[in-house]
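Before any comments, here is the structure.
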Amino acid sequence: MKVPLFKIYHDECDIKNLDTEINSGSSWAVGPKVEEFEEKIANYTGSKYAAVLNSGTSALHANLLACEIAKNDEVIVPSFTFIATANAPLFVGAKPVFADIEKDTFGLDPKSVEEKITENTKAIIPIHYGGCPCKIKELKEIAEDNDLILIEDAAESFGASINGKMTGTFGDSGILSFCQNKVITTGEGGALITDSKDLYEKIVLIRSHGRLESEDYFNSVGYFDYISLGFNWRMSNLTAALGLAQIEKVDKIIEMRIENSRYLTKRLKEETDEIEIFTPPKGYKHVYQLYCLLANSRDDLIDYLSEKGISSKIYFDPVHLSNFYAQKLKYNCELPITEEVAKKTLTLPMFPSITTEEMDYIASTIGKFYNDG
């Protein structure tokens with residue numbers, strides 16, 4: 001591809017941090033960089049606690065376990081999301097219940113969520129689509145009014161905010177992802193942020209086999225007791241070292257994404273009116289982990305862009321229409337806005353180092369598709 005969908009933003013600091021830890025000859029699995037990274041995440045987001053894990057999906061799974069969500073419980077989720085959001089309730093034996101989205105943010109529609117609440121509902125998991133905050137304030141009110149747990153899937157929105165308050169900090173907890181295409185990345189990795197000491201302590205147990213740890217397990221001769229069931233969902237010290245380098249430049253990365261998105265939006269509007277560009281509501285800070293729009297003749301446009309060397313992708317095909325949910329689990333949902341948006345949504349290349357020449361090429365190519373077709 002002439003223009004890939006994303007490129008990882010890195011510099012000498014990333015290389016230096018990894019080089020230092022590798023050359024130490026120890027603490028590749030567990031080490032002090034993990035706690036340092038957690039402290040940086042907590043400080044940046046304004047949370048009291050942060051626990052890092054090996055993926056955002058693990059963070060979701062651990063969160064539901066810690067909240068004791070289980071069989072016969074229902075969890076309201078969007079279908080317009082990466083499938084991990086919907087699968088997480090299944091991991092613990094609960095039932096994901098799909099609510100529709102709204103068009104302002106492509107997040108859960110508060111009205112639809114209210115309609116889905118039953119006596120079995122225990123939690124709501126909204127996502128902040130593509131780096132834009134959802135209507136989390138309204139969802140928080142619904143959760144509080146109905147005594148429900150609110151878990152923010154902020155996998156795509158690290159650094160996003162509403163009037164200065166970070167996504168992931170409105171609910172009882174938030175989960176983050178540091179997969180390679182996210183705002184900052186550790187290759188793979190995730191985190192949970194919360195103000196609840198109890199939840200944090202449960203997550204720390206769950207991510208490390210239920211082991212009660214007061215020091216480095218690998219460098220201690222002492223006895224470590226196991227007080228609960230747990231998994232091996234730890235983030236390595238090497239991974240955390242990379243995270244520390246990434247988080248130091250997160251504000252720079254976000255500003256580059258925002259500026260690039262403004263330029264691409266301007267150029268696309270000059271070329272055609274056959275697309276509707278996703279823009280955030282007032283007071284919402286969008287970090288543009290994804291650059292999304294709604295496009296007429298979307299599938300033909302994808303093929304045309306591919307022929308011209310421009311990568312694009314559909315984020316997301318509705319989960320409730322996937323083979324697993326529709327055929328194996330027999331879900332039959334009425335989600336008209338989800339399906340309407342999903343038929344036209346398209347993600348274009350966006351990353352900090354994208355050049356004006358590349359964005360000009362994207363815009364002019366899309367213009368040619370509509371104007372010459």
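The values are calculated or read from the model by the stated rules, or taken from the named source; none is laboratory data. Small disclaimer: the values here were computed from a predicted structure and weren't measured. Note that we place each Cβ from the backbone using ideal geometry, even for glycine, and neighbour counts take in every protein chain shown. Accessible surface areas use protein heavy atoms only, side chains included; no ligands, DNA or RNA. Shrake-Rupley method; radii C 1.70, N 1.55, O 1.52, S 1.80 Å.
Take the Cα radius of gyration of the stretch 1-109 and divide it by 2.2 N^0.38 Å, N being the number of residues; the result is 1.43.
Surface composition of the stretch 214-373: carbon plus sulfur atoms hold 48% of the accessible area, using a 1.4 angstrom probe and ignoring ligands, DNA and RNA. How large is log10 I(q)/I(0) at q = 0.15, 0.18, 0.21, 0.27 Å⁻¹ when the Debye formula is applied to the Cα atoms of the stretch 58-122, each weighted equally and without solvent? The computed values of log10 I(q)/I(0) come out as -0.45, -0.63, -0.83, -1.15. Solvent-accessible surface of the chain, taken per residue with a 1.4 Å probe and all protein chains present: 45 Å².
Counting Lys and Arg as +1 and Asp and Glu as -1, what is the net charge of the other residues whose Cβ lies under 11 Å from the Cβ of residue 100? Here the count lands on -3. Is the shape of the chain rounded, prolate or oblate, going by the alpha carbon gyration tensor and its root eigenvalues a ≥ b ≥ c, with a/c under 1.5 for rounded and a/b larger than b/c for prolate? Oblate, since a/c reaches 1.5 and b/c is not below a/b. In a simple Cβ point-charge model (Lys, Arg +1; Asp, Glu -1; nothing else charged), the chain has a dipole of about 300 debye relative to its Cα centre. From the square roots a ≥ b ≥ c of the eigenvalues of the alpha-carbon gyration tensor of the stretch 55-206, which class results: rounded (a/c under 1.5), prolate (a/b over b/c), or oblate? Cα axes put the stretch 55-206 in the rounded bin.
Largest accessible area first, the residues 157, 24 order themselves as 24, 157 under a 1.4 Å probe with ligands, DNA and RNA left out.
Heavy-atom surface analysis with a 1.4 Å probe gives the stretch 129-190 a carbon and sulfur content of 38 percent of its accessible area. Determine the shape class of the stretch 124-222: with a ≥ b ≥ c the square roots of the Cα gyration tensor eigenvalues, call it rounded for a/c under 1.5, and otherwise prolate if a/b is greater than b/c, oblate otherwise. Cα axes put the stretch 124-222 in the oblate bin.
With each label modelled as a point 7 angstrom along the Cα→C-beta vector, the residue 299-residue 95 pair spans 3.3 nm. When peptides 28-39, 293-304, 145-156 are sorted by average Cβ neighbour count within 10 Å, with the highest value leading, the order is 145-156, 28-39, 293-304. Only DSSP H runs of four or more residues enter the estimate; each adds -39500 (n - 2.57), and after division by the residues of the chain the mean residue ellipticity at 222 nm equals -12000 deg cm²/dmol.
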